[in-house]
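Colleague: Handing you a structure now.
The values are calculated or read from the model by the stated rules, or taken from the named source; none is laboratory data. Just so it is clear, the structure is predicted and the values come from calculations on it, not from any experiment. Don't worry about glycine lacking a Cβ; one is built from the backbone with ideal geometry, like all the others, and counts go over all protein chains shown. For the accessible areas, the whole protein counts, side chains as well, though only heavy atoms, and no ligand, DNA or RNA atoms are used. Shrake-Rupley method; radii C 1.70, N 1.55, O 1.52, S 1.80 Å.
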Protein chains: 2
Amino acid sequence: MAVAILKGTIVSAPALGKLDVAENGYLIAEDGRITGVFPVLPEQYAGAPVEDFGDALILQSFADLHLHAPQYPMLGMGMDLPLLDWLNAYAFPTEARFADPDYAREIYQGLARELVENGTTRVCMFSSLHRQATLILMEELEKAGVTGYVGKVNMDRNALPGVLEETTEDSMGETLRWLEECQDLRHIKPMLTPRFTPSCTDGLMAFLGRLAAERGLPVQSHLSENRAEMDWVRELHPDCRQYWETYAKYGMWNDRTVMAHCVWSDQRERQAMRDAGVTMVHCPDSNQNLCSGVAPVRAMLNEGGKVALGSDIAGGDHLCMFDVTAAALRASKARRVLDNWETDFLTVPEAWFLATSSGAAFFGEQPGFAPGNPLHAIVLDDSRLPQPHPLTPAERLERCVYLRQKDAVRAVWSAGRKVFSAE
Amino acid sequence: MAVAILKGTIVSAPALGKLDVAENGYLIAEDGRITGVFPVLPEQYAGAPVEDFGDALILQSFADLHLHAPQYPMLGMGMDLPLLDWLNAYAFPTEARFADPDYAREIYQGLARELVENGTTRVCMFSSLHRQATLILMEELEKAGVTGYVGKVNMDRNALPGVLEETTEDSMGETLRWLEECQDLRHIKPMLTPRFTPSCTDGLMAFLGRLAAERGLPVQSHLSENRAEMDWVRELHPDCRQYWETYAKYGMWNDRTVMAHCVWSDQRERQAMRDAGVTMVHCPDSNQNLCSGVAPVRAMLNEGGKVALGSDIAGGDHLCMFDVTAAALRASKARRVLDNWETDFLTVPEAWFLATSSGAAFFGEQPGFAPGNPLHAIVLDDSRLPQPHPLTPAERLERCVYLRQKDAVRAVWSAGRKVFSAE
């Protein structure tokens with residue numbers, strides 16, 4: 001039996017707003033699964049090799065539940081445009097280049113490497129509509145050690161015909177072929193991905209809903225990101241009272257569904273998510289950059305909804321989830337101002353929970369470094385930062401969330417495998 | 001005569017919202033002062049050595065008009081607290097350590113180096129109340145190549161007695177002694193710095209106002225950052241209708257005055273600044289982190305006010321002014337949402353103008369790379385970023401604002417001196 005024993009200052013998020021801390025503690029996994037966090041090394045492991053990281057922080061690695069792989073090359077661009085214009089001027093033309101498998105290979109290798117180096121080890125990710133590039137993306141993520149779900153995007157209307165759009169028939173056929181071709185991958189699995197309601201005909205939506213049911217596939221899409229988008233959806237589906245119903249009516253609305261943004265989801269729409277077990281993905285950078293609004297994260301949490309974080313590159317401008325966590329903190333403060341100081345902002349431990357445990361729940365993990373979880377961890381050396389006073393582990397975590405630290409990640413584990421080491 | 005000739009893609013901000021671009025252009029300075037930007041090398045310089053940076057961007061370096069040097073060690077900490085609690089729990093104890101000159105030397109060396117490496121070459125900076133540490137700060141900035149103003153902080157009430165507070169007499173005496181001791185520095189000059197109205201007795205304020213007038217010294221302080229702070233000022237100065245009048249009545253209100261924040265400055269207070277030529281310093285990171293509110297930057301600009309940017313470390317969590325520029329963009333979008341989409345957000349060229357030309361104006365510079373300006377420039381190599389399509393210089397600038405780039409700064413000039421080189 002393979003044992004991994006990591007020693008350091010272990011900080012994890014067992015519940016919203018709570019941090020568990022073990023200074024000079026031992027995080028132990030057997031065959032890739034956590035057996036526990038221990039203040040002293042249990043006798044049964046005496047003599048086993050210990051990776052001693054000294055005073056470094058050992059943290060849960062991140063789950064990024066919404067990002068667009070083919071937009072990686074345009075990170076930080078076109079931010080002066082609103083969502084729908086930005087899609088047409090930047091996102092769609094950039095994605096169109098992934099018809100070229102060589103280009104896809106080069107870009108996706110870089111993306112996968114950067115994810116792992118930044119401690120993101122679980123994803124729900126949009127590819128482009130291209131079957132081949134999607135397979136390449138999945139292969140590169142698998143190779144690099146990222147786990148989770150990737151979706152070939154379905155989009156058969158309202159995009160860029162001839163450049164980035166499928167016929168309904170192609171969309172269905174390519175999806176089936178892609179599902180067949182990707183089944184040997186172990187850590188990266190397929191997820192059905194209607195781009196968003198305006199991009200998919202009713203026929204395609206019905207097909208995807210049936211496919212999800214028949215094969216037990218998870219589904220990801222966008223919901224209530226922007227008011228112009230919502231008006232458009234209302235025109236396209238006059239039979240649906242709210243945006244979410246355009247997914248629900250085709251059977252894509254259950255606890256394996258991930259909906260990005262939900263900026264404008266009102267109490268009724270949020271309740272529909274809570275009742276069905278849908279995961280809401282808060283993408284604070286993107287929402288701010290594209291001026292979409294500020295998602296009511298506090299309300300979502302108070303109501304008992306499932307909320308995770310997404311970098312949403314390239315609407316978001318940061319791939320690194322430390323930055324996204326800081327952005328969630330800032331967004332919650334913007335929301336507080338917007339609500340005339342009546343809403344509490346997120347604390348650092350709360351935002352940290354969303355970036356780690358809450359996202360990991362979608363992959364079946366228990367919160368924190370719970371026994372039984374696959375080992376997903378990041379080792380962070382913050383010793384190069386100045387010490388204004390002796391810092392608590394919680395203060396150190398806060399500082400790591402806010403501050404960019406060059407080369408501070410010393411090692412990353414993903415699903416039990418050590419996938420990055422600075423040595 | 002010493003000539004510097006820089007060749008590259010030269011981008012500058014000659015007016016709010018406007019960019020001047022010279023691809024393969026020449027930026028030329030004689031004896032440290034810019035003579036111009038030229039599309040081809042003027043004949044008179046034929047044979048002179050050219051520093052050819054290829055396709056790299058040559059940009060104006062930054063002016064950071066508000067930051068607290070002694071808070072540098074606590075960057076990214078205590079952000080869950082509101083302003084006044086944060087001051088007592090974090091800022092004041094951290095500043096108190098600068099009673100120790102050795103500690104000051106170590107921290108300020110690091111700060112000065114990081115400023116220059118990030119292309120910040122002009123500052124208006126708060127030190128702590130310690131005379132000796134303030135001199136050390138000024139020396140370290142001067143050595144590293146940063147120019148501008150530093151203030152020994154005056155604070156004789158409402159701080160931490162015995163830990164971080166002066167008597168009125170000490171405050172006056174130490175200020176006079178500091179002014180004497182710092183007069184040989186060439187690029188870093190003194191600036192009077194009443195911390196903010198609640199920290200200074202009327203007697204101290206009157207003394208500082210007289211000193212400013214007698215010696216022609218500039219003044220910096222805080223204004224209308226937070227509503228609790230404003231209530232407090234109103235209690236302390238029932239004779240003053242608005243916060244700004246507590247500075248104006250002591251003669252610290254003219255075109256050499258810099259006021260940080262102005263989040264809650266209403267039309268009347270903004271007009272008082274515009275009429276007097278006071279520079280308003282927008283500190284978007286800090287205002288968001290401390291939940292102070294969102295400054296009405298668009299209104300300030302529309303009314304013809306002078307607006308510059310400040311990192312405000314350590315209320316702000318980023319020293320790098322690329323990040324602060326991005327934060328200003330995000331804050332302007334938060335303001336747009338707050339104003340129900342009725343206020344235009346800042347465009348990238350507008351925010352860039354605030355971070356460079358607008359701040360530089362306080363130091364007597366003309367906008368952009370105007371002839372006669374001292375050479376302040378940063379050379380940025382963005383060639384390691386992927387190219388989704390052939391990018392315009394404006395698109396490249398946008399991406400540099402949003403994206404952290406490791407080791408992308410190749411060289412920095414400050415007041416005509418090359419103060420950093422990656423080679």
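Colleague: Could you work out the relative contact order of chain B, using alpha carbon pairs under 8 angstrom and six or more residues apart, expressed as a whole percent?
Modeller: So the answer I get is 21 percent.
Colleague: Hey, what do the phi angles of the range B:18-34 turn into as Karplus ³J(HN,Hα) couplings, whole Hz, using 6.51/-1.76/1.60 and θ = phi - 60°, x for Gly and Pro?
Modeller: 10, 10, 9, 10, 10, 7, 6, x, 10, 9, 10, 10, 10, 6, x, 10, 5
Colleague: Can you sort A:His282, B:His130 by solvent-accessible area, 1.4 Å probe, largest first?
Modeller: From most exposed to least exposed: B:His130, A:His282.
Colleague: What is the local net charge at B:Asp52, summed over the other residues whose Cβ is closer than 15 Å to its Cβ (Lys, Arg +1; Asp, Glu -1)?
Modeller: Within the 15 Å Cβ shell, the charges total -2.
Colleague: What gaps in nm, shortest first, separate A:Leu84 from its twins in the other copies when you place the label 7 Å past Cα toward the beta carbon?
Modeller: Copy-to-copy label distances for A:Leu84: 4.7 nm.
Colleague: Another question about this same structure. Looking at the range B:212-273, which trypsin sites (Lys or Arg not before Pro) are in a loop (DSSP not H, G, I, E or B) and have at most 13 other Cβ atoms within 10 Å?
Modeller: B:Arg241
Colleague: Once neighbouring chains are kept in place and the probe is 1.4 Å, which whole percent of the accessible area of the range A:62-344 is contributed by carbon and sulfur?
Modeller: 45 percent
Colleague: Sticking with this one: What residues qualify as long-range amide H neighbours of A:Ile34, i.e. H under 5 Å apart, gap of 5 or more or another chain, H built at 1.01 Å from N?
Modeller: A:Gly372, A:Asn373, A:Leu375
Colleague: In addition: Once both labels are modelled 7 Å past Cα along the beta-carbon direction, what's the A:Ala206-A:Ala394 spacing in nm?
Modeller: Output for this residue pair reads 5.5 nm.
Colleague: If you take every DSSP beta bridge whose two residues both sit in chain B, what share of them, in percent to the nearest 5, is antiparallel?
Modeller: Here the antiparallel bridges make up roughly 45 percent for chain B.
Colleague: Extending each Cα 7 Å along its Cβ direction at B:Asp344 and A:Asp255, get the distance between those two points in nm, one decimal.
Modeller: Simple spin-label model gives 5.1 nm for this pair.
Colleague: Copy-to-copy spacing for B:Tyr45, label 7 Å out on the Cα-to-C-beta vector, in nm, shortest first?
Modeller: Result, one decimal in nm: 6.3.
Colleague: Cα gyration tensor of the range B:62-344, axes a ≥ b ≥ c as square roots of the eigenvalues: rounded (a/c below 1.5), prolate (a/b > b/c) or oblate?
Modeller: rounded
Colleague: Provide the buried accessible surface between chains A and B in square angstrom, both chains summed, 1.4 Å probe, rounded to the nearest 100.
Modeller: 4500 Å²
Colleague: Check each of the GluC sites (Glu not before Pro) in the range B:27-123 and keep only those in coil by DSSP with at most 12 other C-beta atoms within 10 angstrom; list them in order.
Modeller: Counting only loop positions with at most 12 other Cβ atoms within 10 Å, none of the GluC sites (Glu not before Pro) in the range B:27-123 qualifies.
Colleague: A further question on this structure: Need the per-residue list for the range A:61-91: every residue with at least 30 Å² less accessible surface in the complex of protein chains than in the chain by itself, probe 1.4 Å, sorted by number.
Modeller: In the range A:61-91, residues shielded by partner chains: A:Pro73, A:Leu75, A:Gly76, A:Met77, A:Met79, A:Asp80, A:Tyr90.
Colleague: State the Cα centre-to-centre distance between the range A:302-325 and the range A:178-250 in whole Å.
Modeller: 20 Å
Colleague: What trypsin sites (Lys or Arg not before Pro) does the range B:156-186 have in DSSP loop regions with at most 10 other beta carbons within 10 Å?
Modeller: B:Arg186
Colleague: Taking θ as phi - 60°, what are the ³J(HN,Hα) couplings along the range B:191-202 by the Karplus curve (6.51, -1.76, 1.60), each to the nearest whole Hz, with x for Gly and Pro?
Modeller: Each residue's phi maps through the Karplus curve to give 9, 5, 9, x, 3, 6, 3, x, 8, 10, 5, 4 Hz.
Colleague: Please work out the average accessible area per residue across the range A:1-84, using the 1.4 Å probe convention, and give it in Å².
Modeller: 37 Å²
Colleague: Compute the FRET efficiency between B:Gln387 and A:Asp266 as 1/(1 + (r/R0)^6), taking r as their Cβ-Cβ distance and R0 = 51 Å, and round to the nearest 0.05.
Modeller: Taking R0 as 51 Å, the efficiency between B:Gln387 and A:Asp266 is 0.80.
Colleague: So, one more: Hey, can you grab everything whose amide H is under 5 Å from the amide H of A:Val278? Only 5+ residues off in sequence or another chain; H modelled, so Pro and N-termini drop out.
Modeller: Amide H to amide H, under 5 Å and 5 or more residues apart or across chains, A:Val278 pairs with nothing.
Colleague: Starting from a label point 7 Å past Cα on the Cβ side, list the distances from A:Arg227 to the same position in the other copies, nm, shortest first.
Modeller: Spelled out, the distances from A:Arg227's label point are 2.3 nm.
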